[in-house]
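Input: a single structure, listed below in structure tokens.
What follows draws every value from the coordinates through simple rules; no lab data is involved. Everything quoted here is computed from the prediction, not taken from an experiment. Backbone-built Cβ (ideal geometry, glycine too); neighbour counts: all protein chains shown.
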Amino acid sequence: SSPVLNVHRLKTAFATDDGEVTVVNDIDFHVNAGEVLGIVGESGCGKSVTSLSVMGLLPANGKVHGDIVFKGENLARASDQKMRSIRGNEIAMIFQEPMTSLNPVFTIGSQLIEALKIHKKMSKKQAQQLAIAKLKEVGLPRAEELMKDFPHQLSGGMRQRVMIAMAMMCSPQLLIADEPTTALDVTIQAQILELMTKLNSETDTAIMMITHDLGVVAEMCQRVVVMYAGKIVEEADVVSLFKNPKHPYTVGLIRSVPDMRGKKERLYSIPGNVPKPGSIQTGCQFAPRCEHAMERCFQETPELTSLAEAQKVRCWLYVESKGEGAVDRTIS
Ligand code: SF4
Ligand code: MG
């Protein structure tokens, strides 16, 4: 299927007292119509800034270079007015903490209807009926009464369901979800992921799922992009990523997933920390943490290279030294 979003050479930098700091550094990815794309990495890898760049929601000191093409329109150069007409309408989003996105002084009903008032011509009665229908779709009981409730009267899980209902009000082509289940307890997390999977399969809405959690990726995503220090280091379909991860960082992430059979402790964690944006070194950014690092890794920056099928990796282990192109191999 064709991409609904095509991001090309996206670079996002912030003006700071210490000069310009690049947080997203020349990334390319696309989201196909109807699919779920995972964008994965530790906190500080640039994944949230990527989503804010797409939405046009960067703080005033942030600047975007490159192309963000949504349905033929380059959002990187769109006016504020254009972005307001797209946000919450054709592109919707949900965040980690629904309480910060819901307004505490308005009822659930009035907030659901607000999105429609901005973007769609509809009578109040029609809007109300649609809001109730959406609340039912996301599995909320007694939807009619819920319309009159205030956000604080709901549990965290119910609030996130309301946020999803709100995001789906205008039937968006793309839903950007940034750590949508991170603040919820495990049982509720699973229910929310199940709900999002159901909505994705029943509607045309593609989902860009931003997460640090490979469990979420395994549960929901069809394709995955792994980010490290503002760059994409691996791209693969979800099966290849788990069966045959290529980049040592991806291998480390997979090894550090808490045991899915119920034990909660982490068996492994990648040593070291994500480099701070602005402290970018020459060579591979992962080199200080990589058990496979060679001399070359500290001197030259590897390119993102295509391997078999749709798998891509940015690592010297997969490049022949003399112009032979990519070599597919397996590390463990
Ligand atoms: Fe490790 Fe070198 Fe590959 Fe970077 S390029 S991930 S340091 S082996
Ligand atoms: Mg984040």
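Projecting the alpha carbon convex hull of the chain along each direction and taking the average yields 18.4 nm². The 3J(HN,Hα) values that the Karplus relation (6.51, -1.76, 1.60; θ = phi - 60°) gives for region 269-284 are, in residue order, 9, 5, x, x, 10, 4, x, 5, x, x, 10, 5, 9, 6, x, 6 Hz. Gly and Pro appear as x.
Restricting region 56-165 to chymotrypsin sites (Phe, Trp or Tyr not before Pro) that sit in a DSSP loop and have at most 15 other Cβ atoms within 10 Å of their own Cβ leaves Phe106. Ellipsoid semi-axes for region 100-169, based on the Cα gyration tensor and the rule √(5λ), read 18, 13, 11 Å when sorted largest first.
Sorted by mean Cβ packing within 10 Å, highest first, what order do the peptides 236-244, 164-172 take?
Numbers: 236-244: 17.4, 164-172: 22.2.
Top of the packing list down: 164-172, 236-244.
For Leu5, neighbours were defined as the other residues whose beta-carbon sits under 11 Å from its Cβ, and their charges (Lys and Arg +1, Asp and Glu -1) total -3. In degrees between 0 and 90, to the nearest 10, how far off the longest principal axis of the chain does helix 108-119 point, with axes built from Cα atoms? Rounded to the nearest ten degrees, it is 70.
Using just the helices of the chain, give the 222 nm mean residue ellipticity in deg cm²/dmol: DSSP H runs with n ≥ 4 each add -39,500 (n - 2.57), and the total is spread over all residues, rounded to 500. The partial results should precede the final answer.
Details: 12 runs with 106 residues, N = 332.
The helix contribution divided over the chain gives -9000 deg cm²/dmol.
With Cβ to Cβ distances under 11 Å as the rule, what net charge do the other residues near Ile113 carry (K, R +1; D, E -1)?
My count for the surroundings of Ile113 gives +4.
Listed by chain and number, the lysines whose C-alpha is less than 27 Å from the C-alpha of Lys124, apart from same-chain residues fewer than 8 away, are Lys82, Lys134, Lys136, Lys148. Listed by chain and number, the lysines whose C-alpha is less than 28 Å from the C-alpha of Lys246, apart from same-chain residues fewer than 8 away, are Lys11, Lys47, Lys231, Lys263, Lys264, Lys276, Lys312, Lys322. Straight-distance candidates among the aspartates and glutamates for linking to Lys120, with alpha-carbon spacing under 12 Å and chain neighbours fewer than 8 residues away dropped: Glu90.
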